[in-house]
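Worksheet: one structure, shown below.
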Amino acid sequence: MTDDSAYREGELALATGTIKYLEQGTGSPVVILHHSWGSPGWLPFHDRLAEKHRVVVPDMPGWGGSERPAWARDPRDIAIIMTRVVSALDLDDVTLVGLGFGGYVAAEFATMNPSRLASLVLVGAAGLQPGEGEILDQMMLSHRKYIEDSFRDAETYTGYVGEEPPEDVRQLWDFSREMTARVTWKPYMFNRRLEPLLGDMQVPTLIVWGGQDKVVPFECARQFEAAIPNARVEVIDDAGHVVELEEPDALAGLISNA
Amino acid sequence: MFIGHFTERPYQDPSSGYFGATGRSIMDLGMSNASYDPRLGADLYNRYLDERVFAEEMGFDGLMLNEHHSTPFCMGQVMNLEAAILARITNRAKIVLLGNILPIWDDPLFLAEELAEIDMISRGRLVTGWVRGTGRESVAHNAVPPYNWERFQEAHDFIVEAWTKPGPFRWEGEHYHYRYVNPWSRPYQEPHPPIWIPGVMSRNTVAWAAKHRYPYLMLATELQPTLESFQYYDEVAAQEGYEAGTEHRGYLFKVHVDETEELAEEAGRKYVQGPSNPFLEGNQGIVRPFIQNLPGLTQRNNLLPTMRSFAAAASRGRASQHLKDQKKAAPPPPPKDTYVDQTEKLSIISGTPDSVIPKVRHVLETLRPGTIFFWDGDGAMSHDDQMRSLRLMGSDVIPAVREMADELDLKGPFENDPTRDSEAAAAEDAPENSDNPATQAAD
């Protein structure tokens, strides 16, 4: 049940820099970690979740309005700061949702600080080296091509972004890509030191994959499932990598029932 | 004046289709090396070395080498090897490396050792130059682009220290860590080989070069933005408390001389044919802008006026919006003969000595460099094209340019030491120059 008609903007002052976030709703908290190209703002997906939950959508440090930690060189550094964000907001029994690269950060988070988590939701998550295939390398693609490939098809991409992305969107992508490169240029989007740490991570985990995901191979869903003791996989057939944009109701439903 | 010779040593392979107007797409970082022919490579490496020996005989002061990776337009992937060979088979000319790509070295101690060996084998003829590299190099050797500038600066500081500070010592920086720095080789020149910095577009690099009093060499940029970049160097020099001179200015430009105007045009047109540098206006190569313009490689707000140049901007992939705006503002211009266009604005100078020398004079009067390099024998030019030009350079052009330089008082860095008085200045700054490499490397 939402008791506010609009989301609120919040700000946290941490020693590592200021964190900006959006928030709406009441109930058990859901924290959503965005893709590598940054948070596009408040989404219908967030509205659906805010009907039942307190939804918090931070800009991860170095993305969007959150200050860049110049020292951070690894997604694990970002995950450590995100554990501080959840602590500073005094959130407990959190459902932590990670989208794509945000899933990589969420998985690292869960290995370090599971005590505040009720559940973990990894959506098309990076973080593990695929046993087969490779994670689509945005550094070797134009912004447009990479984002377009994140959708199930070109028509859906155009429906969201338009024929030509607006200047502010292009700047967001450019800015976000630099931060992404700072922490995961190599190895690109995975950490061989993550999988061994997942084995003792007892947080119930829902792994969601778009059936049309062209960015992170589905093989990774099975690898997460095998590595995490209490995990199950759900596939949303018609979605690509950006499940939250293409199938917001289906994804929100899975998360609320996680 | 210091007069040098340069070619990118293109991989010229008529049979692969990547050469000349054969119609096969030359997409940078988009071609497989499956068609690379090492036997042809052997011929070409030896041809280019032979041409350098002849360039020295013809009176050039310097033989410039450069380095690129995973591309057919430049065979100098390991230019230090070519430099080491030249160190042994030439006698007088400086061997000018413009430059080693510092950020892609994970172990710059190797580089310090290699360069010291080259300096010794050549008995002090090495001029070392260091660059940050393009997106291609960051991709090919997988160096993290956002840390390119940090790594450039730290590698520079480390190598200079490895050359000048008695070892053993320890280095614990941000990117480089050594527990035992004590190379058993030291540069022949004291305190170390001259360092020159080539570049095209980064204000950071110009300012950094000026602060270190290193000569800055603009690489085949158009005249007006080149002049503005030199003026920016002068401004930084003034802020640093010294007056920059001609010894701080270097310029590389395309000059080919030939026996007749007809031959000169025929050879000059080859600058834009074949596997010539796809950065360069009018050539047949294509770059993928997002690879050249990797995230964080260059600060977006720190570009030199050269970037206003259509050719430079378009070829480096940073001008997509600019081009789109232009497209909206005006109908597309009629197709131009790029060779003619470039000769008109002196981006290419090709002719007989009589027609070339006045154009070179115009460049010298406009830019007032103390160092120049003639870029020749490139693109689709043959060995014969290059040898005809080198002969005429020796007999006519170099002597005429030396006279001009005297008349215009264009002193090179071996006439006026560009680092003069810098030791005194460094002593004044000593309290800020901590021995801690980590603090020196910070930006």
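For the reader, a short list of remarks on this structure follows.
- Proximity of backbone amide H atoms, modeled 1.01 Å from N, is registered between A:VAL235 and A:TRP209 at under 5 Å, excluding neighbours fewer than 5 places apart on the same chain.
- Binning all Cα-Cα separations of the range B:29-112 at 5 Å, short to long from zero, yields these whole-percent fractions: 3, 12, 22, 22, 17, 15, 7, 2, 0.
- Label-to-label distance for B:ALA238 and A:ARG170 is 3.6 nm, based on points extended 7 Å past Cα in the beta-carbon direction.
- Inter-site label distance for B:ASP106 and A:ASP137 at 7 Å from Cα along Cβ, in nm: 1.5
- If a spin label sat at a point 7 angstrom from the Cα of A:VAL235 along the line to its beta carbon, the backbone N atoms of the range A:179-219 nearer than 12 Å would be those of A:209-213, A:218-219.
- Altogether, the Stokes-Einstein calculation at 4 °C and 1.567 mPa s, with the Kirkwood radius of chain A over Cα pairs as Rh, returns a diffusion coefficient of 72 µm²/s.
- Label point distance in nm, A:ALA88-B:ASP417, each placed 7 Å from Cα along Cα→Cβ: 5.3
- Within 10 Å of the Cβ of each residue in B:342-350, the mean number of Cβ atoms contributed by other protein chains is 0.
- Radius of gyration and Dmax over the Cα atoms of the range A:115-258, both given in Å: 15.8, 46
- Listed by chain and number, the lysines whose C-alpha is less than 16 Å from the C-alpha of B:LYS359, apart from same-chain residues fewer than 8 away, are B:LYS254, B:LYS345.
- Sites B:HIS141 and B:GLU172, calculated FRET efficiency, Cβ-Cβ separation with R0 30 Å, nearest 0.05: 0.80
- Label-zone membership for the range A:68-99, site A:GLU51, 7 angstrom Cα→C-beta point, backbone N under 18 Å: none
- A Förster distance of 35 Å, applied to the separation of the beta-carbon atoms of B:GLU403 and B:THR164, puts the FRET efficiency at 0.35.
- Antiparallel DSSP beta bridges within the protein assembly as shown, as percent of all bridges there, nearest 5: 20
- Shielding by other protein chains, A:174-185, mean Cβ within 10 Å: 5
- Model label zone, A:GLU219; criterion: amide N under 18 Å from point 7 Å along Cα-to-beta-carbon; scope the range A:151-190: A:187-190
- Euclidean distance of C-alpha centroids, the range A:187-258 and the range A:1-71, integer Å: 20
- Set of lysines near B:LYS211 by C-alpha distance (under 22 Å), chain-local residues within fewer than 8 positions excluded: B:LYS165, B:LYS411
- Within chain A, helices built from complete DSSP H runs that reach 24 Å or longer along their own axis (Cα positions) and carry a mean Kyte-Doolittle hydropathy of -1.0 or higher are A:167-184.
- nm² value of the averaged projected area, convex hull over the Cα atoms of the range A:83-127: 2.6
- Over 45 Å [Cα-Cα, the protein assembly as shown], rounded percent: 31
- Modelled FRET efficiency - R0 35 Å, B:GLU262 with B:MET27, Cβ distances, 0.05 increments: 0.60
- Compactness of the range B:365-423 - radius of gyration and Dmax, Cα, Å: 15.1, 47
Taken together, the values in this text are just the output of simple stated rules run on the coordinates, not laboratory data. Just so we're clear, the structure is a prediction, and the values are computed from it rather than from any experiment. Counting neighbours? That spans all protein chains shown, and the Cβs are built from the backbone with ideal geometry, glycine included.
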